Structures are given as structure tokens and as C-alpha cells.
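**Q** Sharing a structure, written as C-alpha cells. Questions coming.
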Amino acid sequence: MKKVMIAIDYNPMAQKVAETGYAYAKSIGAEIMIVHTLPEVSYYPMEYLPIMGFPGFSKDSAFMCTEDQEEEGFHFLDCVVHHLGNSNIKTRLLNGVGTETIVDYAKIWKADLIIIGSQGDADFAKTYSGNTTSVLINNATIPVLIIPADKENARLKRQQRFRYVANNMYA
């Protein structure tokens, strides 16, 4: 394997995915690409906690335009590279909804492996995101390594969901 693509989002699980994926790719001497997808601006209704030096953001600081969203995405990827401590890591901000965009870019970049995390809250993921991990597995033509969520990630996801529901209950 010469090229490993690590797909992350703003989920707290991203740190575990980035660190584990980076360690694996480094151990086999592979070129590393970290990707983050940018769906429509309206897709970010929840609060995202600080992670890997990235300050996170709340639903109150919603993106007003695509340029704001892209700027935040580039900043996020820069924070991840800085956190991992290797300026040779390549990054790519992808426009589009997760699964198809990730699979398409893996083909373009000629990745040998995709690394992605499980969300740790299957019911929520299936309801709101179409269960990105399982859709990716079914559509990828190369191996996919799934980094399992831990209990702390599932707890943080429940907190984010509770805040979203509570803040929008009377909207």
C-alpha cells in the first residue's frame, strides 16, 4: 500500500481516526491524504466541540456562506496536520456529501486504502446521515479500515444531539 486516505469530519471521533490512521500509514511508509467533505452550508445544525487544536463551533455561529464554510474547513485540516506533527501530510477539502465524494476522490487520488471512523451512535447515524460508514463500505472498490468509536465518543454525540434537540424544541 502506497497511498492511504483518511476521511474525517468534525465529530470528536475524528481525533482517534486521524491519529490511528496516521500511525498506520506511517508504519507502512505510505503517502497520507486527510480529507474532509463540505456538504451544503445548512448541514451544520449542531454544536461541534474543540478537537486537535481546532476550536469547534456552535450552531449560533452558523456559516453565512460557502466561503466561510470553506475557510473553517481549511482551518480544521491545518489544525489536524499540526496536531499530527507532520507537515508532509496532504489535505483535501472536498465539496459534496460524504460517501460518494470520498469514494470518487479515492479513485482520483488512486488511494490504496480508506480509513474512516464509525460514529458510535448507529441509530442517530442511520437516521440523519444514511450511516456513512456502511454506505462507504458498500460503494468503495478498495479496502476500508474502520476505526471503531469508543464510549466517550458515543457520549459526546449524545450530548450534541441533546443540545440540538433542546435548542430547536421551540423553534
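The values are calculated or read from the model by the stated rules, or taken from the named source; none is laboratory data. Everything numeric here is computed off the predicted structure, so don't read it as measured data. We place every Cβ from the backbone using ideal geometry, glycine too, and count neighbours over all the protein chains shown. Calculation scope for accessible area: heavy atoms of the full protein, side chains included, ligands and nucleic acids excluded. Shrake-Rupley method; radii C 1.70, N 1.55, O 1.52, S 1.80 Å.
**Q** Out of all the residues in region 97-112, which are more than 13 Å from the chain's Cα centre (by Cα) and in contact (Cβ under 8 Å) with a residue 24 or more places away in the chain?
**A** Matches in region 97-112: Glu100, Val103, Tyr105, Ala106, Lys107, Trp109, Lys110, Ala111, Asp112.
**Q** Can you spot a residue in region 2-18 that is open to solvent by 20 Å² or more (accessible area, probe 1.4 Å), basic (Lys, Arg) and at pLDDT 95 or above?
**A** Within region 2-18, one or more residues are open to solvent by 20 Å² or more (accessible area, probe 1.4 Å), basic (Lys, Arg) and at pLDDT 95 or above.
**Q** Which one is nearest to Lys3 (Cα to Cα) among residues in region 21-36 that are surrounded by 16 or more Cβ atoms within 10 Å (Cβ to Cβ) and of a type in the set (Val, Ile, Thr)? Steps first, answer last, please.
**A** So the first thing to find is which residues in region 21-36 are surrounded by 16 or more Cβ atoms within 10 Å (Cβ to Cβ), and the list is 21-22, 24-25, 30-36.
Within this subset, residues satisfying the condition of being of a type in the set (Val, Ile, Thr) are 32, 34-35.
Numbers: Ile32: 6, Ile34: 11, Val35: 13 Å.
So the residue we want is Ile32.
**Q** So, restricting to strands (runs of 3 or more DSSP E) that lie completely within region 49-168, which ones have at least 2 residues that are at pLDDT 80 or above and surrounded by fewer than 17 Cβ atoms within 10 Å (Cβ to Cβ)?
**A** So the answer is 90-95, 144-147.
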